[in-house]
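Structure record follows, encoded as structure tokens.
Only the coordinates and a few stated rules stand behind these numbers; no lab work does. Fair warning: this is a prediction, and the values are worked out from it, not measured in the lab. Heads up, the Cβs are rebuilt from the backbone with ideal geometry, glycines too, and the neighbour counts pull from every protein chain shown.
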Amino acid sequence: MNISASIQAANQLNLYDDITDNSEKFDQLHIDITDGHFTNNIGLSLNIVSLLKEKTDYKLDVHLMLKENSKYVQRVIDYGADIVTVHCESTEIDEFKSLTGKFNNIGIGILPSTKIDKLEHYSEFTSIFLLLTVNPGFSNQPKAVSLIDRIIEFKNVVPEKDSTLIIDGGVSNDDLEDLRNLGVDIAVQGGAIFGK
């Protein structure tokens, strides 16, 4: 299991230094892009993807929490994103099918408040799934759902397949062993890496 550092939780005034100072704690970088519509806040600029690609050797997984995904997916891939996840709540099946037809690194994310069954319709078009376990937009939140319960629900809806499962939100160091045992591929951590 890889650990992906959510840079939203890092010191934004000294982002590169904070990433470098904590480099022994993670394997790759997680970048949340929000728009103030799908979420209540406006997050990092898209340009941060190209800057981090230029300045680091990390794999970049970019989590788009936007109303208009198709408008930005191409840009973040051009900027160097290795994985891009969009949300089922803001991406209709036809739009998602079109995106995955163009790019082979597009995944689907789901909010903690959305019934996990919704992912069944998307699983035909991707093998990358992101389960968000906090309400989106801000770091250091308590979990909105049980990590373990959510993963079990997912596995009941999307049967065993060659997939990449990402867990994002409130993941503590104490959770990591359980996530490994449940077959999680990428655990996203913010506060656990960069502090509160």
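Tabulated data for the structure shown
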read-out	value
Relative contact order %, region 47-154, counting alpha carbon pairs below 8 Å whose residues are six or more apart	20 percent
Relative contact order [Cα under 8 Å, 6+ residues apart], region 80-139, whole percent	38 percent
Label-point separation in nm, residue 56 to residue 118, each point 7 Å along Cα→Cβ	2.9 nm
Residue 24 paired with residue 146, simple spin-label distance in nm, labels 7 Å along Cα-to-beta-carbon	3.6 nm
Most positive-pole-ward Cα, 73, 182, 11, against dipole of the chain from beta carbon charges	73
Size descriptor, Kirkwood hydrodynamic radius, that averages inverse alpha-carbon separations across region 2-194, Å	16.5 Å
Distance in nm between pseudo-label sites at residue 135 and residue 104 (7 Å out along the Cβ direction from Cα)	4.0 nm
Within-11-Å neighbourhood charge of residue 19 [Cβ basis; K, R +1; D, E -1]	-1
Mean residue ellipticity (222 nm) of the chain, computed from DSSP H runs ≥ 4 via -39,500 (n - 2.57), nearest 500	-8000 deg cm²/dmol
For region 21-132, convex hull volume per residue from C-alpha positions, Å³	111 Å³
Cβ-Cβ FRET estimate between residue 14 and residue 78, R0 fixed at 22 Å, reported to 0.05	0.25
